[in-house]
Amino acid sequence: MALGTPTSSASMAISSSSSPSSYELRFDSGRICLDLVATTHPDERLDSVERLTAWITGAGLVPPGASLGAVRSEWLVGFRELRGNIAQLVRGELDGRHADTALHRVNGFAAPRTPAPRAVRGDDGTLLKRLSVRPSCAELLAAVARDAVELLTDPVARASLRQCEGDNCPIVYLDTSRGRRRRWCSSEVCGNRERVARHRRRAALARA
């Protein structure tokens, strides 16, 4: 379970000083574990310690203002491994397949304790959430793995899993919309692409 609050925006664009291009970390799937799975699309998002740090913070795995400490390159291996196992498990549930090897590994990731929160007084006297100690990689991975366990063992949440209908989009999200009629991982991304494609098709027919 996350100890902070995920970023309020549907996506977070972050420029990398080591690359002339920018990349996006998205937090709009409805669950932290699904947001982790989404970091493979359209290409690898977790390809540096800096990006992993941004994802951990943006996903709300640590409270705002809490010290994360030094994120090391070995953490990338753990997060990518957990990501792959969650992806297999989630897609297995959607396809009616039993991904038991992935299930075993996700359970293993979920076993360690998760970071313990505590309340502290801010400068203005209000209570703020902080962590008792800096979290380890295993503790943060456990928080994400437990989110996957909670998602897939909740019949209502599990029934709300959807595959994005966008062309070549593999993202899985939790549909909590009214009437469960959400079609895309993001209305601004895949939804907008579909609207543009539809407009072009109509324009082409009008010219024919």
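The values are calculated or read from the model by the stated rules, or taken from the named source; none is laboratory data. Keep in mind that this is a model prediction, so the values were computed, not measured. Counting neighbours? That spans all protein chains shown, and the Cβs are built from the backbone with ideal geometry, glycine included.
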inquiry  = Is it the case, given these coordinates, that Val37 is under 10 Å from the mean Cα position of the chain (by Cα) and buried (at least 17 other Cβ atoms within 10 Å of the Cβ)?
reply    = yes
task = Name every residue in region 117-140 that is of a type outside the set (Gly, Ala, Ser) and over 27 Å from Arg105 (Cα atoms), in order of residue number.
result = Arg118, Val120, Arg121, Asp123, Asp124, Thr126, Leu127, Leu128, Lys129, Arg130
note = In region 146-189, anything within 18 Å of Gly60 (Cβ to Cβ) and out of contact with any Gly (no Cβ under 8 Å at 6 or more places or on another chain) is listed as Arg146, Asp147, Ala148, Val149, Glu150, Leu151, Ala157
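Rundown of residues vs (1) of a type outside the set (Lys, Arg); (2) modelled with pLDDT under 95; (3) touching a helix residue (DSSP H, G or I) at 6+ places or on another chain (Cβ under 8 Å), yes/no style:
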{"position": "Ala2", "(1), (2), (3)": "yes, yes, yes"}
{"position": "Arg31", "(1), (2), (3)": "no, no, yes"}
{"position": "Leu52", "(1), (2), (3)": "yes, no, yes"}
{"position": "Ile56", "(1), (2), (3)": "yes, no, yes"}
{"position": "Ala66", "(1), (2), (3)": "yes, yes, no"}
{"position": "Asn85", "(1), (2), (3)": "yes, no, yes"}
{"position": "Ala99", "(1), (2), (3)": "yes, no, yes"}
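The rows are residues; the columns are (1) touching a strand residue (DSSP E or B) at 6+ places or on another chain (Cβ under 7 Å); (2) modelled with pLDDT of 95 or more; (3) not in a helix (DSSP H, G or I).
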position	(1), (2), (3)
Thr7	no, no, yes
Glu24	yes, no, yes
Asp28	yes, no, yes
Ala38	yes, yes, no
Pro42	no, no, yes
Trp75	no, yes, no
task = Restricting attention to strands (runs of 3 or more DSSP E) lying wholly within region 107-197, give those where 1 or more residues are among the hydrophobic types (A, V, I, L, M, F, W, C) and buried (at least 19 other Cβ atoms within 10 Å of the Cβ).
result = 127-131, 161-163, 172-174
